[in-house]
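Novice: Let me give you the structure first, and then I'll get to my questions.
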């Protein structure tokens, strides 16, 4: 299984800013290896985020998102102590979920 | 303060729960392959459900003027308008224009930042697709001194 995500959620006012750093190769499908064969695309396709178990965000990504992707968004109404969980799923079907507490 | 061990333990529990209960709210629309295969900005926006394209001052795209490394270009898209359905980030001259599509809900701000790969200097677009299908866009030119696609 892939390395854990780094999630940082900080409350400010009535919302919380969430920053996520995922660990993923994000192969674009454009590159060629030493033998001239195309390296098949391998990238995160779906990202979802939940706030205390309720889904707040869904995103679809293409292979043009950078390696070890970064994502920042803000959740309305989240306060210190709330749980933010982020899940990704790549085009090979691998998936990972990590959770953080808003501070 | 949580220790790393506790965090790992918790995430294992969460993953276990997800695996067993299958949380129905995690099911959402299938990956929009057509939009991500589209070569041009217009085609990608159409495939994502936008009908009429219009430039708008209410949508902002953030990014560097010059990106030294095309493999990691920080890009952000945001708008303060109500009734946004999707936010899109696109790079015009990439092999496939669409970088990321965010489904906006009531619980999040229509403001996202991420990092993109860029093959060459290009215009980058932020597109807000409204609930009525209108697609409002803003663009910015980003110069890349070292490409991020290809070897």
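Novice: Rounded to the nearest 0.05, what FRET efficiency do residue A:11 and residue B:39 have when you use their Cβ-Cβ distance and R0 = 35 Å?
Specialist: After rounding to 0.05, the efficiency reads 0.25.
Novice: Please report, in whole Å³, the volume per residue of the convex hull around the C-alpha atoms of segment A:1-76.
Specialist: Looking at segment A:1-76, the number lands at 99 Å³ per residue.
Novice: Continuing with this model, one more query. Give the peptides B:115-125, A:92-102, A:39-49 in descending order of average Cβ contacts within 10 Å, highest first.
Specialist: Ranking, from highest mean packing down: B:115-125, A:39-49, A:92-102.
Novice: Before anything else, pin down the relative contact order of segment A:6-101: Cα pairs under 8 Å, at least 6 apart, normalised by residue count, whole percent.
Specialist: It rounds to 33 percent for segment A:6-101.
Novice: Along Cα→Cβ, 7 Å out, is where each label goes; now give me the distance between the ones at residue A:103 and residue A:79 in nm to one decimal.
Specialist: 2.0 nm
Novice: Next question. For residue A:23 and residue B:57, FRET efficiency with R0 = 35 Å and r from the beta-carbon atoms, rounded to 0.05?
Specialist: FRET efficiency, residue B:57 to residue A:23: 0.40.
Every number in this text was worked out from the coordinates using simple rules, so none of it is lab data. All figures in this text were calculated on a predicted structure; none of them were measured in a lab. Quick reminder, even Gly has a Cβ in these numbers, built from the backbone with ideal geometry, and neighbours come from all protein chains shown.
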